[in-house]
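Below: the structure, in structure tokens.
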Amino acid sequence: MTLLHFQPENVARQTEDFFCWACDRASLSEKPGSEFQMGRTLNALRGTAVIAALLIGGSGQAQQGGQSIFVPVDLTGLAGDLGVEVDGIDMTEFVSIADGGIVIAPGAPLPPGTYEVVVYLWQGNDYEVIASMSHDVGGGGAGGSGTELAVTATTEAGVRNLNGEDENTMARSAGEVEVTTVDNRLNAGAAWLATTEPDEELDGRPVDLGEYFVEWRHFGQRADTTFRMGNQALEYDRLMVADLTRRGLSAGIATTDGRVELGFFGAQVSPDLGGDNLAGLNDADDRAMGGMVVFTPSEALDFRIGLAGVQGRGDPGDLLQTGEGAAAGLFVRGSFDDGRTRYLLDFGVARWDEDAELAGAEPETTRAALFGIERDMLLEDERSLTLGFAVEHVDTGFVSLANPSLADARRDLRLTTIYDSGPLSFSGMLEHQTTNVNGPADYETDHIVTAEIDGSYFPYHNGTPPAWMGTPEVIFGAALIDQRRVETPAMAPDPADFLSLEVYGGLVVQHDLWGWSATYTYSDFDDQAAVPADLVSHRIDGTLDWSDGEKIDMALNAAVTWNDEPLGAFYDTEFGLSLSYEIVPGKWTASTEVTWYDYGAPGAVDGASIGADLTWSFAPATDLIFSGGWAEGGDAVESTQDPEWFVGLMLRHQTNFTRGGF
């Protein structure tokens, strides 16, 4: 069986971070099928007709031929090799990673009938079945029929009294609805919020629409197309169009052999929620439009070259004024040596003109470029070592309205390493950054050096630990930041040089029903400013989790920190406890949470709180919750009283509805 190699989630994420300096890791565009993650984990697919997720609407899926099979499977944290069979026939070479699963795109239409799909995870000589499903292909060769509807929502209403004086009645419903066809040709989703609380409203209305999208795909004999309306998930390159999650319209088309790919979009520049401007294109002063073309010269080589561009008008943020601009660039992606060496190259030119009546600035032309390369040095036994090098140069004032997360005014040189031997794994990074690159002469310039390492070690990877040790894991890491001023013009701020060091180490132990952890962290901030604010701290964190496996669950955390700073030396103490108990399983549950903290610094506000709930589950997915609580100091934030207390009664219904086959 052909196998498709996977890495542990943390290694794949580190690889994606190496190539994605501009990406916001919390954004919707972080897809498991991002281009370089695909290039890293799908080496078995080299030479097949793969359509990169970046190039077709950011969908994170690859398709080919006249039909496809989407298999929902959670790949988070998996390490090893995947194998896929359809009716006992190895189809791994036609597999690509998609958002929420995998896509099997056979090179020829499947005859009508029902097919059994099995997904295997191999680790050495052992394997397990991680997904299986039946797939129906109709007589028209459309690749299956039927639609699945999923609705998840929380609806609640209640009354709450604060300090015996302020009584508040509220109602709220928030959730998501998703519609997906079995053949994955149509996907749609929308989130909503209905509330009686004015401070929770999305756009000044009690009932409103949150993020939404409608995406339609057509898989043809010669080309595949994708259309998407609503919140986008676009990432063509790393400079022109990346991390674009605004509302808009997009389209992509790619030949089934993956040789030619086109993408177009129009999107709102500013983030927006609510029922207004659903298409994101209503306001000419808040709109960007662009596109890209990618060409793969040879199916035998993993080499792609593309052009991307964007133009529009809007407010890019970062204290800039609303303006008008355009940006265009070239990007190259590829790998060689059976995918062990991967590289990228991006270059862009931008022209930005802020509104003269607001800023009086002249149009400015700026440039940006980046180059990255990484190589797998060891691929034997259980060991792997990946080394990377990257250079990124972004002029001061470089603006692309379709890349809101790109930071300008810097030149970065970066080395990275990722090592995994089974028991020992770590990732490291060394970076040198120069600020105010090609910026104004009256701006200051700093050099910032950053070094980081994070890792873990399983001492009993190939053996059995003593029973009292459970499953132990040693964690460790360090971070060093050194900032130095190199140029200080006459009117620029004074240097803010500093040297910061943080080192941590700890032990995490997990048993079947309980576990604990202990971590020590040393921090040293050497402030070299005119008025220094040095800080040295020693912190010990501990956690304890316990469950009887039936009725009781408990989590406890505590921390003690010793600080030495200009105000003096003092201790900080923090404590937290959560406990739940099923009085009558499935019917009555009691829970409580306690927090307490004491800060030693002069003027610091201590605090404490305790809250308790009694939940009656009187109907399926429906609860009546009696609650009460007390807080003082820093936790008393809901009123002007200190301490403060509350009592409340809430009716809550959870909706988790899935229906298919219609």
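The values are calculated or read from the model by the stated rules, or taken from the named source; none is laboratory data. Values in this document were obtained by computation on a predicted structure and should not be read as measured data. Methodologically, a virtual Cβ is constructed for each residue, glycine included, from the backbone with ideal geometry; neighbour enumeration extends over all protein chains shown. Surface areas here come from the heavy atoms of the whole protein model, side chains and all, with no ligands, DNA or RNA. Shrake-Rupley method; radii C 1.70, N 1.55, O 1.52, S 1.80 Å.
Among (1) surrounded by 15 or more Cβ atoms within 10 Å (Cβ to Cβ); (2) in contact (Cβ under 8 Å) with a residue 40 or more places away in the chain; (3) under 25 Å from residue 472 (Cα atoms), there is one condition residue 511 misses while meeting the rest; what is its number?
Answer for residue 511: the failing condition is (1).
Restricting attention to the stretch 328-342, report how many residues are of a type in the set (A, V, I, L, M, F, W, C), touching a residue at least 40 places away in the same chain (Cβ under 8 Å) and under 11 Å from residue 304 (Cα atoms).
So the count comes out to 1.
Looking at (1) outside any strand (DSSP E or B); (2) open to solvent by less than 30 Å² (accessible area, probe 1.4 Å), find the lone condition where residue 495 falls short.
With respect to (1) outside any strand (DSSP E or B); (2) open to solvent by less than 30 Å² (accessible area, probe 1.4 Å), residue 495 is out only on (2).
Please determine, by comparing only the residues of the stretch 324-343 that are of a type in the set (Lys, Arg) and assigned to a strand (DSSP E or B), which one is surrounded by the most Cβ atoms within 10 Å (Cβ to Cβ). Walk me through it before giving the result.
We begin by selecting, within the stretch 324-343, every residue of a type in the set (Lys, Arg); these are 333, 340, 342.
Next, from what is left, pick out any that are assigned to a strand (DSSP E or B): 333, 342.
Details: 333: 24, 342: 26.
Ranking the qualifying residues of the stretch 324-343, first place goes to 342.
Go through the stretch 515-534 residue by residue and tally those that are at pLDDT below 95 and of a type in the set (A, V, I, L, M, F, W, C).
Result for the stretch 515-534: 4.
Only one of 321, 311 is out of contact with any Pro (no Cβ under 6 Å at 6 or more places or on another chain), open to solvent by 10 Å² or more (accessible area, probe 1.4 Å), of a type in the set (S, T, N, Q) and not in a strand (DSSP E or B); which? Steps first, answer last, please.
Details: 311 fails: not in a strand (DSSP E or B).
None of the other options fit; the residue is 321.
Could you tell me which numbered condition residue 521 fails, if it satisfies all but one of (1) of a type in the set (Val, Ile, Thr); (2) in contact with a Lys or Arg (Cβ under 7 Å, 6 or more places away or on another chain); (3) surrounded by fewer than 16 Cβ atoms within 10 Å (Cβ to Cβ)?
Condition not satisfied by residue 521: (3).
What single numbered condition from (1) small (Gly, Ala, Ser); (2) touching a residue at least 60 places away in the same chain (Cβ under 8 Å); (3) surrounded by 14 or more Cβ atoms within 10 Å (Cβ to Cβ) fails to hold for residue 220?
With respect to (1) small (Gly, Ala, Ser); (2) touching a residue at least 60 places away in the same chain (Cβ under 8 Å); (3) surrounded by 14 or more Cβ atoms within 10 Å (Cβ to Cβ), residue 220 is out only on (3).
Can you work out which of the residues in the stretch 186-206 that are without any contact (Cβ under 8 Å) to a residue 40 or more places away in the chain and charged (D, E, K, R) is surrounded by the most Cβ atoms within 10 Å (Cβ to Cβ)?
Ranking the qualifying residues of the stretch 186-206, first place goes to 201.
What's the number of the only condition in (1) of a type in the set (Val, Ile, Thr); (2) open to solvent by less than 50 Å² (accessible area, probe 1.4 Å); (3) assigned to a loop (DSSP other than H, G, I, E, B) that residue 391 fails to meet?
Tallying (1) of a type in the set (Val, Ile, Thr); (2) open to solvent by less than 50 Å² (accessible area, probe 1.4 Å); (3) assigned to a loop (DSSP other than H, G, I, E, B), residue 391 fails exactly one: (3).
Which condition number does residue 442 fail, the rest of (1) in a loop (DSSP other than H, G, I, E, B); (2) among the acidic types (Asp, Glu); (3) touching a strand residue (DSSP E or B) at 6+ places or on another chain (Cβ under 7 Å); (4) surrounded by fewer than 17 Cβ atoms within 10 Å (Cβ to Cβ) being met?
Going through (1) in a loop (DSSP other than H, G, I, E, B); (2) among the acidic types (Asp, Glu); (3) touching a strand residue (DSSP E or B) at 6+ places or on another chain (Cβ under 7 Å); (4) surrounded by fewer than 17 Cβ atoms within 10 Å (Cβ to Cβ) one by one, residue 442 breaks only (3).
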